[in-house]
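The values are calculated or read from the model by the stated rules, or taken from the named source; none is laboratory data. Bear in mind that the values here come from a model prediction, so they are computed numbers and not experimental data. Here the Cβ is made from the backbone with ideal geometry for all residues, glycine too, and neighbour counts use every protein chain on show.
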Amino acid sequence: MIDLALDNRILLNNDFDLAIQEIDMLFNTTNTELLGDTNYGLSLESFLWTLTPTTTELDKYINEKIQQYCVFANKFNVSVQSQYYQGSYRSIYVIYISITDPTTGVTAKRKYHYK
């Protein structure tokens, strides 16, 4: 169980909810922000704009990080699909994450934009 509130009003004790929280934390953490493991986090801003990967390379990178750091998410079916939109002023990566519980069929979806 993870307690997300200082006043104990919000508790997550469902593995599916914990998996969603894990992935959100992974996306919102950059490398060197976590003491004890400086490789935790995606650091997608620097990854995307210094390497400009293909969508296949990006999907592989995210999947590897999820497998490495997301204990609860690895209990479910996680799919990653990214799209790249080339613009004249700015380009955009859109990343879609789907987490499906194979026993109940419940699916949660996340969408992340990087400009």
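Quick notes on this structure:
- Residue in segment 76-83 that is surrounded by 15 or more Cβ atoms within 10 Å (Cβ to Cβ), at pLDDT 90 or above and over 28 Å from residue 15 (Cα atoms) present: no
- As a summary of the residue check, residue 32 satisfies the conditions (1) over 22 Å from residue 94 (Cα atoms); (2) under 12 Å from the mean Cα position of the chain (by Cα) except for the one numbered (2).
- Residue ID - surrounded by the fewest Cβ atoms within 10 Å (Cβ to Cβ), chosen from residues in segment 9-27 that are at pLDDT 90 or above and among the β-branched types (Val, Ile, Thr): 20
- Check on residue 65, of a type outside the set (A, V, I, L, M, F, W, C), over 19 Å from residue 114 (Cα atoms) and at pLDDT 90 or above: no
- Number of positions in segment 11-52 that are in contact with a helix residue (DSSP H, G or I) (Cβ under 7 Å, 6 or more places away or on another chain) and at positive phi: 1
- Some residue of segment 56-67 being touching a helix residue (DSSP H, G or I) at 6+ places or on another chain (Cβ under 9 Å), in contact (Cβ under 8 Å) with a residue 40 or more places away in the chain, surrounded by fewer than 17 Cβ atoms within 10 Å (Cβ to Cβ) and not β-branched (Val, Ile, Thr): no
- Taken over segment 95-115, the criterion of being among the hydrophobic types (A, V, I, L, M, F, W, C) and under 12 Å from the mean Cα position of the chain (by Cα) is satisfied by 95, 97, 99.
- Residue within segment 46-53 that is exposed (fewer than 13 other Cβ atoms within 10 Å of the Cβ), over 15 Å from the mean Cα position of the chain (by Cα) and part of a loop (DSSP other than H, G, I, E, B) present: yes
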